[in-house]
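Some notes on the structure that comes next.
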Amino acid sequence: MAQLVSCYSSDLTITPTCCCSKPSNLLNSRVPTRGPAKITHKLNLEVSPHRAVSAVRLMRIEFGGAFADLLNEKGKGSGDNEMGYVERTLGFRTRDLDDKDLRLVTDIVGGTIRWRRYLDYLILSLCHDAKTFSGMEPLLLQILRIGFYEILKLEMPPHAVVHENVGLAKVALRPGAGNMVNGILRKLLLLKESNSLPSPKLEGNDRMQARALAILYSHPVWMVRRWTKHYGQERAITLMTWNNSHPTFSLRANSAKGFTRADLEFQLKMLKVPHELSPNLSHFVRIKTGLQAVIQAGLLKEGLCSVQDESAGLVVSVLDPHPGESIIDCCAAPGGKTLFIASLMSGQGMLSAIDINEGRLRILAETAKLQQVDNVITTIHADLCVFAADSHVNFDKVLLDAPCSGLGVLSKRADLRWNRKLEDMEELKSLQDRLLDAASILVKPGGVLVYSTCSIDPEENEERVTSFLHRHTEFCIDSAKKYVPPEFVTEEGFYYSSPVKHSLDGAFAARLLRV
């Protein structure tokens, strides 16, 4: 599947597209309802719009299966106007979002989700008792999380944070809720000013230390224990720190439309977006801030560039596509890597994109047309295992960007850490093995199979390849050193990007030759 936040749909709804980005099905969860939806047209100019939108988006993400995605140039998120969601949920509208509000919503929503475990620890510590916290209304809890995040991580003016979040609670809920927000936020301010915030002690056995680290760095306990086991405590802390930092992005210039990296640089200079050239990929430019300006300028909507992490681009480098080849992307939709492969084929050859999700495949086809690479792409709606078993066609190169845990992309997918469970890992490994076996059927003798993930977990990466090679002796490893810079190549010859080492999303790829 296409990698996370690397390709966006043509209507500028910025949607994560990683193999790990399926939303959890929480639509039947305890989402508070206010009866049938109705248009009230009630306008409230006292409540700050970015806080109202942030609170509602947090509700939708936690209970409705929505993504922690970005907003486009009209303040839209996942297919609808954000103020419409506010009105249906809270019963009133605020003024429309301006550019500053859009940036704040993105920051507050992403940051509040990342730091949720730590914020909840503090909120619980400041409540009268555990029952007060456990029985708290979901919307009230989101408002408190926003206030705590604004005070502790954004260091906004305390008076404004207290005043506006109290006002939101009073209008959206009731006066008593506002009084509770006022009391708890003022307690927080006193503790912050006296440098006496509650903090778990890092002591005891491994399990107790993992629990403390999980609070301090706001990750699930099982992830902390897994990373401490694989990498040691110090590296695990560095990884969690990276995951909690503001994500950085890369833009890929779409050469298929005649838009070069130099053209992209010029546009970024005109938009006053700080940037630097990727040292690894000739089509890519790095940006730390200003993505919202790029979106507002319409560069994505016009198909001139895509948001795609270098780690995903390097997977395509491992595949090494050329004009005239026959290639199949086995879990393609909605198509970040597929589109990059197509642009490198210069309109010559055949690129099949297969996916089991018809809706996401439709997005791929639409984006391919927008980026003018649809002349080489054929979309196939099918289950890979069924397709491979029935297929009489073999390909020069096969890419299997497999469904995975997404543990390498947690800095961009703020909500993913809370949607993954330890039990998912065994199910994913079984699925990865089945898909690898199916993909191998499609490779010509002398052809190439690339297995990739956006995970940093060895059980999903090296161990899956080792297991595959035991089952398929007709394949052998072709070292990635011929295709990517040496700092990304492991001793076994695999491609591996590390958030800690390379400051990129975590990704893995094995290039396998059919002898």
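Out of curiosity, is Lys229 within 30 Å of Ser503 (Cα to Cα), part of a helix (DSSP H, G or I) and free of Cβ contacts under 8 Å to residues at least 60 places away in the same chain? It would help to see each step written out before you state the result.
On the way: within 30 Å of Ser503 (Cα to Cα): yes; part of a helix (DSSP H, G or I): yes; free of Cβ contacts under 8 Å to residues at least 60 places away in the same chain: yes.
In short, yes.
Residue under question is Gly447, and the condition is that it be open to solvent by less than 10 Å² (accessible area, probe 1.4 Å), free of Cβ contacts under 8 Å to residues at least 40 places away in the same chain and not in a helix (DSSP H, G or I); does it hold? It is false that Gly447 is open to solvent by less than 10 Å² (accessible area, probe 1.4 Å), free of Cβ contacts under 8 Å to residues at least 40 places away in the same chain and not in a helix (DSSP H, G or I). Taken over the stretch 343-358, residues that are more than 23 Å from Gln432 (Cβ to Cβ) and either open to solvent by 30 Å² or more (accessible area, probe 1.4 Å) or among the hydroxyl-bearing types (Ser, Thr, Tyr) (or both) amount to 7.
Scanning the stretch 270-313 for residues that are surrounded by 20 or more Cβ atoms within 10 Å (Cβ to Cβ) and of a type in the set (Gly, Ala, Ser) turns up Gly303, Ser306, Ser311, Ala312, Gly313. Applying a threshold of 8 Å to beta carbon distances and a minimum spacing of six or more residues, or different chains, the list of pairs starting in the stretch 234-262 at a residue that is open to solvent by 40 Å² or more (accessible area, probe 1.4 Å) and ending at one that is of a type in the set (Val, Ile, Thr) and not in a loop (DSSP other than H, G, I, E, B) reads Arg235/Val500; Thr238/Val500; Trp242/Val500; Thr248/Ile287; Arg261/Val285. Taking the stretch 318-342 as the range and being hydroxyl-bearing (Ser, Thr, Tyr) and either in a loop (DSSP other than H, G, I, E, B) or surrounded by fewer than 24 Cβ atoms within 10 Å (Cβ to Cβ) (or both) as the test, only Ser326 passes.
Residue by residue, here is whether (1) in contact with a Pro (Cβ under 6 Å, 6 or more places away or on another chain); (2) at pLDDT 95 or above; (3) not in a loop (DSSP other than H, G, I, E, B) holds:
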{"site": "Ile39", "(1), (2), (3)": "no, no, no"}
{"site": "Val47", "(1), (2), (3)": "no, no, no"}
{"site": "Asp69", "(1), (2), (3)": "no, no, no"}
{"site": "Asn72", "(1), (2), (3)": "no, no, no"}
{"site": "Arg95", "(1), (2), (3)": "yes, no, no"}
{"site": "Lys131", "(1), (2), (3)": "no, no, yes"}
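Among the residues making up the stretch 419-444, a single one is β-branched (Val, Ile, Thr) and either assigned to a helix (DSSP H, G or I) or open to solvent by 20 Å² or more (accessible area, probe 1.4 Å) (or both): Ile441. Of the residues making up the stretch 194-207, those that are under 18 Å from Ser125 (Cβ atoms) and either within 30 Å of the chain's Cα centre (by Cα) or part of a helix (DSSP H, G or I) (or both) are Ser199, Pro200, Leu202.
Filter the stretch 384-410 down to the residues that are assigned to a loop (DSSP other than H, G, I, E, B), surrounded by fewer than 24 Cβ atoms within 10 Å (Cβ to Cβ) and small (Gly, Ala, Ser) and list them by number. Listed by number, the list holds a single entry, Ser391.
Among the residues of the stretch 77-92, is any at pLDDT 85 or above and open to solvent by 60 Å² or more (accessible area, probe 1.4 Å)?
The first filter runs over the stretch 77-92 and keeps only residues at pLDDT 85 or above, leaving 84-92.
Then keep just the ones that are open to solvent by 60 Å² or more (accessible area, probe 1.4 Å); that gives 88.
Yes, some residue in the stretch 77-92 is at pLDDT 85 or above and open to solvent by 60 Å² or more (accessible area, probe 1.4 Å).
Which residue out of Ile363, Ile327 is in contact (Cβ under 8 Å) with a residue 40 or more places away in the chain and over 22 Å from the mean Cα position of the chain (by Cα)? Criteria check complete, one pass: Ile327.
The single condition among (1) among the small types (Gly, Ala, Ser); (2) modelled with pLDDT under 95; (3) touching a His at 6+ places or on another chain (Cβ under 8 Å) that Ser440 does not satisfy is (2). For the stretch 208-218, the candidate set comprises residues that are assigned to a helix (DSSP H, G or I) and out of contact with any Asp or Glu (no Cβ under 8 Å at 6 or more places or on another chain); within that set, the residue that is surrounded by the fewest Cβ atoms within 10 Å (Cβ to Cβ) is Met208. What do you reckon, is Thr367 open to solvent by 30 Å² or more (accessible area, probe 1.4 Å) and in contact with a Ser or Thr (Cβ under 8 Å, 6 or more places away or on another chain)? It is false that Thr367 is open to solvent by 30 Å² or more (accessible area, probe 1.4 Å) and in contact with a Ser or Thr (Cβ under 8 Å, 6 or more places away or on another chain). Only a single criterion out of (1) touching a Lys or Arg at 6+ places or on another chain (Cβ under 7 Å); (2) more than 18 Å from Pro499 (Cβ to Cβ); (3) part of a loop (DSSP other than H, G, I, E, B) is not satisfied by Leu299, namely (1). Residue selection: Ser250 satisfies the criterion of being assigned to a strand (DSSP E or B), under 25 Å from Ala480 (Cα atoms) and not basic (Lys, Arg). For Leu126, indicate whether it is touching a helix residue (DSSP H, G or I) at 6+ places or on another chain (Cβ under 7 Å) and surrounded by fewer than 19 Cβ atoms within 10 Å (Cβ to Cβ). Judged against the criteria, Leu126 is not a match.
The values are calculated or read from the model by the stated rules, or taken from the named source; none is laboratory data. Everything quoted here is computed from the prediction, not taken from an experiment. Note: ideal-geometry Cβ built from the backbone for every residue, glycine included; neighbour counts use all protein chains shown. For accessibility, only protein heavy atoms count, side chains too; no ligands or nucleic acids. Shrake-Rupley method; radii C 1.70, N 1.55, O 1.52, S 1.80 Å.
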